[in-house]
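The values are calculated or read from the model by the stated rules, or taken from the named source; none is laboratory data. Note that the structure is a prediction, hence the values are computed from the model and not measured. Using ideal geometry, Cβ is built from the backbone for each residue, glycine included, and neighbour counts are taken over all protein chains shown.
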2 protein chains.
Amino acid sequence: MERKRAKSGEIRLTEVAKLAGVSPITASRFFRNPQALSLSKRERVASAAKELGYVPNLAARALASQRTEVIGVLIPSLTNNVFSDVLRGIYDASEGSRYSIQLANTRYSILQEEKLLRLFQAQKPAGLIVTGIDQTAESRSVMEAMNCPIAQIMEIGPDPVDMMVGFSHYDAAFAAVSHLIAQGFRRIGFLGAQMDPRVQRRLQGYRDAMKAASLFDPRTIVTTPIPTTVTLGGTLLADLLSRTPDVEAVICVNDDLALGVLFECQRRHISVPDDMAIVGFNDLDFMASAVPSLTSVRTNRYEMGRRAVTMVTAAIDGNCPPEPVVDLGFELMIRQSSSARGV
Amino acid sequence: MERKRAKSGEIRLTEVAKLAGVSPITASRFFRNPQALSLSKRERVASAAKELGYVPNLAARALASQRTEVIGVLIPSLTNNVFSDVLRGIYDASEGSRYSIQLANTRYSILQEEKLLRLFQAQKPAGLIVTGIDQTAESRSVMEAMNCPIAQIMEIGPDPVDMMVGFSHYDAAFAAVSHLIAQGFRRIGFLGAQMDPRVQRRLQGYRDAMKAASLFDPRTIVTTPIPTTVTLGGTLLADLLSRTPDVEAVICVNDDLALGVLFECQRRHISVPDDMAIVGFNDLDFMASAVPSLTSVRTNRYEMGRRAVTMVTAAIDGNCPPEPVVDLGFELMIRQSSSARGV
DNA sequence: CGAAAAAATGGTAGCGCTACCTTTTGGGCG
DNA sequence: CGCCCAAAAGGTAGCGCTACCATTTTTTCG
């Protein structure tokens, strides 16, 4: 009776194998590739496992096999609606696979992202999903060292680490601004918060569209690094109006700001869209039911998450997608809030 | 040259120890409890690890030590704003600790929850956070078998598995309805979606408050199991009005519905609050900036998540909280949408 | 019907780390 | 100056599983 070390006390594979009358390795195979066993043994192991209430030890499995069935996901925020849609796609897709998701929050910091990537490295994930394309050089080298399929999501750009699923924020903003210009608006403001790289690219789209129409005026850009809220939309509109009271339309970097702008207009008795047109971004559910209904740029965030998982899992199984960069595009949802001037 | 098995190729602790000129176990201690080493060895190991770019193998660590530094979290939805606030609290608190979070989504299904609990069991988490108090008997027995601190969050009730952090949904709804009654409203409707157990308890609070004032009428209750959206709020109001056109006020089980109701009232030119008072639940940011501003029940969701983590981590370290059930309460935020009748 | 091929099963030896115990070192003190 | 005790460091032996091969059984087919 001189046990050197306390066993965990849980049922081990060996016990299951013993009860089933097979070798441990056969029992092991049952859990990984049941059809490799003869039917009789398969049943014997299954019933033995059930009888003993066997729960495999994932740490031992990972150590022995040198791999895990975890896909790491790095996103900048849990509060932002945008990411909850992406996450829903990710979790939905992962449930159809044998992989589980390990989520981490970078809080919009590329340094935090770097730290979290190192943490993931210690877990040897089978795949990785990261947000955006603006990783540090150090982060990129950690990702390359991890030697697993990686999908960058939310936007597309040149030079993918491995794979990409997203759309062009620049093009989307350009299209939205062009729509306002086509509707006859001239003084078009830009309201931005949480100026992450994707929002910056939307701003660039706005700039270029305005310049192309010779309407650009830097005074009509109001941005802040603080996180987005509906209330903030009102504040930013107030700022904009105090600077340039003659603006006729605003494009907001997201729908929360757009809703805040609508409320602020109502408070100030500014008629939408006659005195102020509004365009949002993301097309959250409430944009269609607001009064007046609000124009927005619809993006397929759920599909982005779903596709990222299917691409990564396919790549793990050796089926790299033929095209590593997938553009999911966007759709401008034109509603009452951006009706043509004087209509 | 007859290696039986491929090594991972990564730097191992042994290599670090060799370079530092210490034994492996000393190097191991460096990563777990640095102050147990003399200063000179501490520095030697640190620089050796850095030089080699050592990344510890978590699977090996977990297997050898029979424990992990993972806290499992089970929530019903990623889309619902309510849970993103809780999650933010959870992730924020976990960053100050040595634990990492493993998140899983039950999709409001207690059977899915049971499955996920078994999955967690295989990972031997150091702690667990689960949503609500309505687990199946089987889930409860799995939780008890896991032998780790467990916090149930979002609500409180009798018979905790281990610990609880939440508030009484019944009391909150009762208070909200009582407020409307005190303001002079008599025909008060109830709009509910995604009728999870917590929402059911809010409905019970509504029922009892209405009965206590002899105002209860089952026809003014409109509920649906489908997930909440702003648009749905409008639909539910339409249903309610078609049944009982004389309602003067509605209490909505969440703020999205309340916003949808406001928009629907605007579409129908029903004046809020003169012809229709509105009360929501959760007090999301937009409730204060809506026009008119919307009354809601504020709950401290962020703190709920944060506290759950601190309670669980304290319990892991042997510091069980003196009181296992924490009631974070709620606050009725009274705004324009529920102003007294005729005021 | 027997040899070859294929399928099913088993034995052995780790995966990289830490628990447990033993040994060494350092320094305070009679 | 040696003794004792605490602190620091090391040796050994697994944690529970699976990779890698070897072996046995079954199937196929000339």
(message) Is it the case, given these coordinates, that B:Ile226 is among the aliphatic types (A, V, I, L, M), in contact with a helix residue (DSSP H, G or I) (Cβ under 9 Å, 6 or more places away or on another chain) and more than 13 Å from chain A (Cβ to nearest Cβ)?
(response) no
(message) Quick check on my filter: what residues within the range A:254-297 are out of contact with any helix residue (DSSP H, G or I) (no Cβ under 9 Å at 6 or more places or on another chain) and either more than 13 Å from chain B (Cβ to nearest Cβ) or of a type in the set (Phe, Trp, Tyr) (or both)?
(response) A:Asp274
(message) Take B:Leu117 and tell me if it is closer than 28 Å to A:Gly96 by Cα, touching a Ser or Thr at 6+ places or on another chain (Cβ under 6 Å), away from DNA strand D (no atom under 11 Å from the Cβ) and touching a residue at least 40 places away in the same chain (Cβ under 8 Å).
(response) yes
(request) Please specify each residue of the range B:192-229 satisfying the condition of being assigned to a loop (DSSP other than H, G, I, E, B) and over 19 Å from B:Ser178 (Cα atoms). (result) B:Gln194, B:Met195, B:Asp196, B:Pro225, B:Ile226, B:Pro227, B:Thr228, B:Thr229
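Yes/no per residue for (1) near DNA strand C (Cβ under 8 Å from one of its atoms); (2) closer than 23 Å to A:Ser8 by Cβ:
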position	(1), (2)
B:Phe31	yes, yes
B:Leu52	no, no
B:Ile71	no, yes
B:Asn81	no, no
B:Ser94	no, no
(request) Select, from A:Ser23, A:Ser65, A:Ser40, the only residue that is within 14 Å of another protein chain (Cβ to nearest Cβ) and either near DNA strand C (Cβ under 9 Å from one of its atoms) or at pLDDT below 90 (or both). (result) A:Ser65
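Quick one: is A:Thr231 more than 11 Å from chain B (Cβ to nearest Cβ), surrounded by fewer than 21 Cβ atoms within 10 Å (Cβ to Cβ) and hydroxyl-bearing (Ser, Thr, Tyr)?
no
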(message) Testing A:Phe120 on (1) within 16 Å of DNA strand C (Cβ to nearest atom); (2) farther than 27 Å from B:Lys115 by Cα, one condition comes back false. Which one is that?
(response) (2)
(message) When you scan the range B:169-179, do you find a residue that is out of contact with any strand residue (DSSP E or B) (no Cβ under 8 Å at 6 or more places or on another chain), touching a residue at least 60 places away in the same chain (Cβ under 8 Å) and not small (Gly, Ala, Ser), even just one?
(response) no
(message) Looking at B:Ala308, B:Ala314, B:Ala288 in this structure, which one is small (Gly, Ala, Ser) and buried (at least 22 other Cβ atoms within 10 Å of the Cβ)?
(response) B:Ala308
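Here's the yes/no breakdown for (1) more than 11 Å from every other protein chain (Cβ to nearest Cβ); (2) under 16 Å from B:Met311 (Cα atoms); (3) surrounded by fewer than 20 Cβ atoms within 10 Å (Cβ to Cβ); (4) in contact (Cβ under 8 Å) with a residue 40 or more places away in the chain:
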site	(1), (2), (3), (4)
B:Val70	no, yes, no, yes
B:Ser84	no, no, no, no
B:Leu87	no, yes, no, yes
B:Asp92	no, yes, yes, yes
B:Arg107	no, no, yes, no
B:Leu111	yes, no, yes, no
B:Gln121	no, no, no, no
B:Lys124	no, no, no, yes
B:Val130	yes, yes, no, yes
(request) Kindly indicate whether A:Pro160 is surrounded by fewer than 16 Cβ atoms within 10 Å (Cβ to Cβ), on the phi < 0 side of the Ramachandran plot and outside any helix (DSSP H, G or I). (result) yes
(request) Take the range A:233-274 and flag every residue that is of a type in the set (D, E, K, R) and farther than 17 Å from A:Ser289 by Cβ. (result) A:Asp239, A:Arg243, A:Asp246, A:Glu248, A:Glu264, A:Arg267, A:Arg268, A:Asp274
(request) At least 1 residues that are near DNA strand D (Cβ under 10 Å from one of its atoms) and over 26 Å from A:Ala62 (Cα atoms) in each: list the helices (runs of 4 or more DSSP H) lying fully within the range B:1-95 that qualify. (result) B:13-20, B:39-52
(request) Could you list, in sequence order, all residues of the range A:298-310 that are of a type in the set (Ser, Thr, Tyr) and either within 13 Å of chain B (Cβ to nearest Cβ) or part of a loop (DSSP other than H, G, I, E, B) (or both)? (result) A:Tyr302
(message) Looking at A:Gly189 and the list (1) part of a strand (DSSP E or B); (2) closer than 30 Å to A:Gln123 by Cβ, which single condition is not satisfied?
(response) (2)
